[in-house]
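Colleague: Once you've had a glance at the structure underneath, I'll fire off some questions.
The values are calculated or read from the model by the stated rules, or taken from the named source; none is laboratory data. In this text, all values refer to a predicted model and were calculated from it rather than measured experimentally. Here the Cβ positions follow ideal geometry from the backbone for every residue, glycine too, while neighbour counts run over all protein chains shown. All accessible areas refer to the heavy atoms of the entire protein, side chains included, with ligands and DNA or RNA removed. Shrake-Rupley method; radii C 1.70, N 1.55, O 1.52, S 1.80 Å.
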Amino acid sequence: MRRVLVAALATLGATPLQAQTDEVQTLRECAARNVPAHSFVQAAEFEVMQDGAAQRRIGAALAGMRDADGINLNIVVSAPNDVAGTAVLLRQNDAGREDMRMYLPALQRVRPITGGMANQGILGTDFSYRDIRDIYGALREGQAMVLGTGKIAGKDTQRMELIPAAEQESPYQRMVVDLDASSCVVLAVDFESPGRGVTKRLLGDVDSVTNIGERRLLLRYTMDDLDKGSQTVLKLGLPEYDEDIRSLAFHPSSFYRYRNSAAAPE
C-alpha cells in the first residue's frame, strides 16, 4: 500500500512533460517484453487479396536479430516458383543508416533497394520493405507521445503517436499505434503520409494472439492500402526465439545463402 501511495504522489508531483515521457517509456518497455531479446526465425505467408479472395500467395522464411541500433531482418522467398530464391536484407550499416538489399536469383546479383523502391510493395504485396521493418521494430524508434485510449475489435487499447526520425527515411510523417491495454501487443497501425492523411492501415486479428512463454504476439495481420484499394494478409508461423543465427544471414555479401527451417503458418 505504501509503494502505491508513493507512486501516486510521484505522479502528482511530476510535470506534464515528465509524466508523458514516463508513460511513453512504460508502454515501450511493456511492448518490448513481447519481442525477442536477441534473435529469432519465423515463417511467413503473404496473401494478396482481390474482392475478398486470395489471388497470389508468397511463402517466405524470416530471420531477425536485434542489437543496440535496432532490428536486422533477412527474408528469403520460398514460393511461388517464379520468385523462389529471392532474398531481402533489411539492416542498419555501421554509420547507422538503413541498408536494404535484394538478391535476384535469375541474375545472380545483389541490388540495393534505394529511394522510392523501399516504399514499394514486396513482390506485389501491400507490405513495403519499410513496413515490415517497422512492424518488427515498432515503438523503438522516433519521437513518441501517448494519445489516450481506444478500442480495437472490442479490446481496450492504449494509443501512441510515432513521428519517424529523419534518419529512418520513412515515407510516413506520422503513425498511430493501438496497443492492447493488458498485453501491449500491437493491434493496429495507421500510417499517415504528408498531405494525404492515412494511406495505409494495418489491423491485427485479435483471435490470432498467441502466448509463447511469457511473450504474447499476433500471428495474422491485414494491410489495407487505401490509395490503391488493395489488401494483403500476412500469416506468421510460430517463432523460435534466441536462435544462434549465423552472421552470414545479415552480411551484405552472403545473406541470400542463409536458410532456416521455421514452421510454416497454419
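Colleague: Filter the range 88-110 for residues that are among the acidic types (Asp, Glu) and surrounded by 13 or more Cβ atoms within 10 Å (Cβ to Cβ) and give the result.
Modeller: Glu98, Asp99
Colleague: Which condition number does Gly85 fail, the rest of (1) free of Cβ contacts under 8 Å to residues at least 12 places away in the same chain; (2) at positive phi; (3) open to solvent by less than 70 Å² (accessible area, probe 1.4 Å) being met?
Modeller: (1)
Colleague: Go over the candidates Thr210, Thr232, Thr199 one by one and state the one that is at pLDDT 95 or above, closer than 22 Å to Ala153 by Cα, surrounded by fewer than 18 Cβ atoms within 10 Å (Cβ to Cβ) and out of contact with any helix residue (DSSP H, G or I) (no Cβ under 8 Å at 6 or more places or on another chain).
Modeller: Within the list Thr210, Thr232, Thr199, the selection yields Thr199.
Colleague: Considering each residue of the range 220-266, count those that are part of a helix (DSSP H, G or I), among the hydrophobic types (A, V, I, L, M, F, W, C) and out of contact with any Phe, Trp or Tyr (no Cβ under 6 Å at 6 or more places or on another chain), and give that number.
Modeller: 2
Colleague: Can you name the condition, by its number, that Gln158 falls short on among (1) closer than 26 Å to Ala61 by Cα; (2) open to solvent by 30 Å² or more (accessible area, probe 1.4 Å); (3) not charged (D, E, K, R)?
Modeller: (1)
Colleague: If you go through the range 100-111, how many residues are over 12 Å from Asn74 (Cα atoms) and either touching a residue at least 60 places away in the same chain (Cβ under 8 Å) or not small (Gly, Ala, Ser) (or both)?
Modeller: 7
Colleague: Being touching a Ser or Thr at 6+ places or on another chain (Cβ under 9 Å) and touching a residue at least 60 places away in the same chain (Cβ under 8 Å), is that true of even one residue in the range 181-192?
Modeller: Yes.
Colleague: Looking at the range 213-229 only, could you name the residues that are open to solvent by less than 30 Å² (accessible area, probe 1.4 Å) and in contact (Cβ under 8 Å) with a residue 60 or more places away in the chain?
Modeller: Leu217, Tyr221, Met223, Asp225, listed by residue number.
Colleague: Any idea how many residues of the range 71-130 are part of a loop (DSSP other than H, G, I, E, B), in contact with a strand residue (DSSP E or B) (Cβ under 7 Å, 6 or more places away or on another chain) and among the polar types (S, T, N, Q)?
Modeller: Number satisfying all stated conditions: 4.
Colleague: Take the conditions over 30 Å from Pro252 (Cα atoms), open to solvent by 30 Å² or more (accessible area, probe 1.4 Å), at pLDDT below 90 and within 18 Å of the chain's Cα centre (by Cα) and apply them to Glu29. Does it pass?
Modeller: When the stated conditions are applied, Glu29 passes them.
Colleague: Continuing with the same structure: Any residue at all in the range 132-154 that is in a helix (DSSP H, G or I), of a type in the set (A, V, I, L, M), touching a strand residue (DSSP E or B) at 6+ places or on another chain (Cβ under 8 Å) and open to solvent by less than 20 Å² (accessible area, probe 1.4 Å)?
Modeller: Looking for residues that are in a helix (DSSP H, G or I), of a type in the set (A, V, I, L, M), touching a strand residue (DSSP E or B) at 6+ places or on another chain (Cβ under 8 Å) and open to solvent by less than 20 Å² (accessible area, probe 1.4 Å), one finds at least one in the range 132-154, hence yes.
Colleague: Filter the range 33-82 for residues that are acidic (Asp, Glu) and either at positive phi or open to solvent by 20 Å² or more (accessible area, probe 1.4 Å) (or both) and give the result.
Modeller: Glu45, Asp51, Asp67, Asp69, Asp82
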